[in-house]
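Student: Handing you this structure, nothing more for now.
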Amino acid sequence: MKDATSDPNSPAPLMAAWNTESQVHLIVGSNPLAAARCAKSLEVGAKPIILAPETADMHFTLSEHIANGSAQWIRHEFQDMDLTTLGREEVDRVVDLVFVTLGASNPLSTHISQRCKRLRIPVNVSDAPELCSFTLLSTYSDGPLHIGITTSGRGCKLASRLRREIAAFLPQNLGTAIDRLGAVRRRLWEEDNAAGLSEATFDGEDDDTTGQKHTFNNLVTEGDVAAAKTRRVRWLSQICEYWPLRKLVSITDADMDTILKAYTAGNEHTNGANSVDTPSKKGKIVLAGSGPGHPDLLTRATYHAIHNADLILADKLVPAPVLDLIPRRTEVHIARKFPGNADQAQEEFLQMGLAALKQGRQVLRLKQGDPYLYGRGAEEFEFFRNEGYSPVVLPGITSAMSASLFADIPATHRGVSDQVLVCTGTGRKGAAPNPPTYVPTQTVVFLMALHRLSALVDSLTSFPEGGEQSRALWPKETPCAIVERASCPDQRVIRSTLEHVCLAFEEAGSRPPGLLVVGASCHVLHNPQGQRWAIEEGFHGLDELRSEVEVVADSVEEKA
Ligand code: SAH
């Protein structure tokens, strides 16, 4: 392995969770570091063997492990044959892993490293990255959850600081919650399998609001028992993916049962909200947009609405940091939208909202981005108005305009683009909408389009065989960009042209939600000259505007 500290272009390491139970780990040396390695081996269920001469100064914790039998001491200097004789019988006595703690300058370290590499035995030599075939991660564990950090040898202090910060960010009891959700998931799969209902894969099946797969439009009917069951599994994956962690960790087994039972029965929305008491005040409803992702992009009006609501009905794309702003006392529901359930989820929300309004409660219907831009906002407005509760509608920053901005793409630019078109890549019932005609000075933003990117790009740049030929086609060299998770910490921008964007996206893999921007304005501020595409990761703009004190104060407030 190359010295990771000396080469900024060294490839990423393969990070993996490795089951080392019952393995034999050879630890060469007897110093404090050897003691730490021994502790690690024991922690992961392996059997450590300490290799050090009789005269060695044995670290006291090592002596303890040796005394209580958890570690074995082989009392001699390293010999080549140790590597192939001290291991487990079932792997022909070859040891499973070697830790050398003698330091980089000891010639034996280089020798052992070379021998191990030749024998394909993973080897770690302390303070000598060039002699290691693997390095240990700074880890954080909570039950079944394990997080590992490496800075590729740039600083173990920094790695452990990052570990602490990441751990502090996670809610307490996350491990227990993962166990609980895992058990429910297993139970559902077992039940479904027993009933012959095992579904291939559903994880990541719907990666946009309206879903991405061909199955999206297969309506799941109430009478369809098979579908009803697999729907529970899908609902569980939705919970795992979209509920704020804080809410996830607070669910109990009993809650889980209720959620799932209620789901099958289709009556979760009653939720105590169907009392027949006559309310003393009239219910109010606010229909608000929550912006593209970052919580600072909420309007103050929506922020106040979040704090004043008795019941919040949120779309699943509403970003978790926005949901985190909801006071704990407030009842929250997240739409159970997934392929085949969009209409049912919508209806369920409308009924839940209405029941609460009849009780005189203040309801907030929280949508992603702007409520009137591909958000079915006006349909909901009409529904509630017909019931006698006209909503107050609050705008949100739409992803359609802000994603391009956060990707440094000006929607209009003098001499380049003088008009903007926002369209959808998915029409009603999943049909492909008509592609827009080529206008050289237009910036076009396609929402809900990435799941059928190549079909969309084909339709922009060529005519279907034997189909219409009336509009102007977009030249293949037209600049374009894919902007995903705009304003979230994992924002990604892929800049390319219509010719190469599909391949770029295929190689990068999707990170929903995302949209496609097409037009000359895409290359005004950044031009991946000479490259077929360029990928940029991350979003920092807004946090840099805030003082550190504010950020810390916020996180303290959130934890309180
Ligand atoms: N009402 C929303 C749009 C809902 S349609 C708004 O005004 O933003 C959902 C589509 O919005 C997704 O398929 C995706 O194309 C786009 N989208 C939403 N949030 C996004 C984000 N943070 N980054 C990129 N695209 C996003």
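Student: Taking region 284-307 only, how many residues are of a type outside the set (A, V, I, L, M, F, W, C), within 25 Å of Y389 (Cβ to Cβ) and open to solvent by 20 Å² or more (accessible area, probe 1.4 Å)?
Tutor: 6
Student: If you scan region 91-133, which residues turn out to be at positive phi and within 39 Å of the chain's Cα centre (by Cα)?
Tutor: Filtering region 91-133 for residues at positive phi gives 92-93, 103, 120, 127.
Those that are at positive phi and within 39 Å of the chain's Cα centre (by Cα): R120, D127.
Student: Another one. Do we find that R376 is of a type in the set (K, R), within 30 Å of the chain's Cα centre (by Cα) and more than 16 Å from the ligand (Cβ to nearest atom) in this structure? Walk me through it before giving the result.
Tutor: Values: of a type in the set (K, R): yes; within 30 Å of the chain's Cα centre (by Cα): yes; more than 16 Å from the ligand (Cβ to nearest atom): no.
The answer is no for R376.
Student: Moving to a separate point now. How many residues are exposed (fewer than 15 other Cβ atoms within 10 Å of the Cβ) and out of contact with any Ser or Thr (no Cβ under 6 Å at 6 or more places or on another chain) when one looks only at region 433-442?
Tutor: Qualifying residue count for the region: 3.
Student: With respect to the numbered conditions (1) away from the ligand (no atom under 15 Å from the Cβ); (2) open to solvent by 10 Å² or more (accessible area, probe 1.4 Å); (3) at positive phi, which one is the sole condition not fulfilled by A472?
Tutor: The one condition A472 does not meet is (3).
Student: Just to be sure, is S41 assigned to a helix (DSSP H, G or I), among the polar types (S, T, N, Q), within 23 Å of S138 (Cβ to Cβ) and touching a Leu at 6+ places or on another chain (Cβ under 7 Å)?
Tutor: Taking the combined requirement at face value, the residue does not satisfy it.
Student: Could you figure out which of (1) in the same structural domain as R246 (by TED's automatic domain parsing); (2) of a type outside the set (D, E, K, R); (3) more than 20 Å from the chain's Cα centre (by Cα) isn't true of G182?
Tutor: Among (1) in the same structural domain as R246 (by TED's automatic domain parsing); (2) of a type outside the set (D, E, K, R); (3) more than 20 Å from the chain's Cα centre (by Cα), the lone unmet condition for G182 is (3).
Student: Can you pull out every residue in region 475-495 that is more than 16 Å from the ligand (Cβ to nearest atom) and touching a helix residue (DSSP H, G or I) at 6+ places or on another chain (Cβ under 9 Å)?
Tutor: P475, K476, T478, P479 - these are the residues of region 475-495 that are more than 16 Å from the ligand (Cβ to nearest atom) and touching a helix residue (DSSP H, G or I) at 6+ places or on another chain (Cβ under 9 Å).
Student: Restricting attention to region 511-542, which residues are within 16 Å of the ligand (Cβ to nearest atom) and part of a helix (DSSP H, G or I)?
Tutor: C522, G541, L542
Student: Just a yes or no: is a residue in region 419-426 more than 16 Å from the ligand (Cβ to nearest atom), farther than 29 Å from S521 by Cα and open to solvent by 70 Å² or more (accessible area, probe 1.4 Å)?
Tutor: no
Student: Tell me which of these A56 doesn't satisfy, since it passes every other one: (1) among the aliphatic types (A, V, I, L, M); (2) assigned to a strand (DSSP E or B); (3) over 26 Å from E21 (Cβ atoms).
Tutor: (2)
Student: Hey, another quick one. Select, from L373, L325, L354, the only residue that is closer than 26 Å to C423 by Cβ, in contact (Cβ under 8 Å) with a residue 12 or more places away in the chain and not assigned by TED's automatic domain parsing to the domain that holds R246.
Tutor: L373
Student: Taking A228, is it crowded, with 18+ Cβ neighbours inside 10 Å and at pLDDT 55 or above? First the steps, then the outcome.
Tutor: Working: crowded, with 18+ Cβ neighbours inside 10 Å: no; at pLDDT 55 or above: yes.
So A228 fails the test.
Student: What about F383, is it aromatic (F, W, Y), in contact (Cβ under 8 Å) with a residue 24 or more places away in the chain and more than 9 Å from the ligand (Cβ to nearest atom)?
Tutor: Answer is yes for this residue.
Student: Would you call L145 within 20 Å of A104 (Cβ to Cβ), modelled with pLDDT of 90 or more and of a type outside the set (G, A, S)? If you could, list the steps in order and put the result at the bottom.
Tutor: On the way: within 20 Å of A104 (Cβ to Cβ): no; modelled with pLDDT of 90 or more: yes; of a type outside the set (G, A, S): yes.
No.
Student: Let me ask something else. Quick check, is A356 crowded, with 23+ Cβ neighbours inside 10 Å and more than 13 Å from the ligand (Cβ to nearest atom)?
Tutor: yes
Student: Continuing with the same structure: Considering region 454-469 alone, what residues qualify as being buried (at least 22 other Cβ atoms within 10 Å of the Cβ) and more than 16 Å from the ligand (Cβ to nearest atom)?
Tutor: Hit for region 454-469 is L460, nothing else.
Student: Let me ask another. Restricting to region 448-507, what's the tally of residues that are of a type in the set (F, W, Y) and within 20 Å of S417 (Cα to Cα)?
Tutor: 1
Okay, residues lined up against (1) in the same structural domain as G293 (by TED's automatic domain parsing); (2) modelled with pLDDT of 95 or more; (3) in contact with a Cys (Cβ under 7 Å, 6 or more places away or on another chain):
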| position | (1), (2), (3) |
| --- | --- |
| R471 | no, no, no |
| T497 | no, yes, yes |
| P513 | no, no, no |
| F539 | no, no, yes |
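The values are calculated or read from the model by the stated rules, or taken from the named source; none is laboratory data. These numbers come from a predicted model, not from an experiment. Neighbour counts run over all protein chains shown; Cβ positions are idealised from the backbone, glycine included. The accessibility values were calculated without ligands, DNA or RNA, using every heavy atom of the protein model including side chains. Shrake-Rupley method; radii C 1.70, N 1.55, O 1.52, S 1.80 Å.
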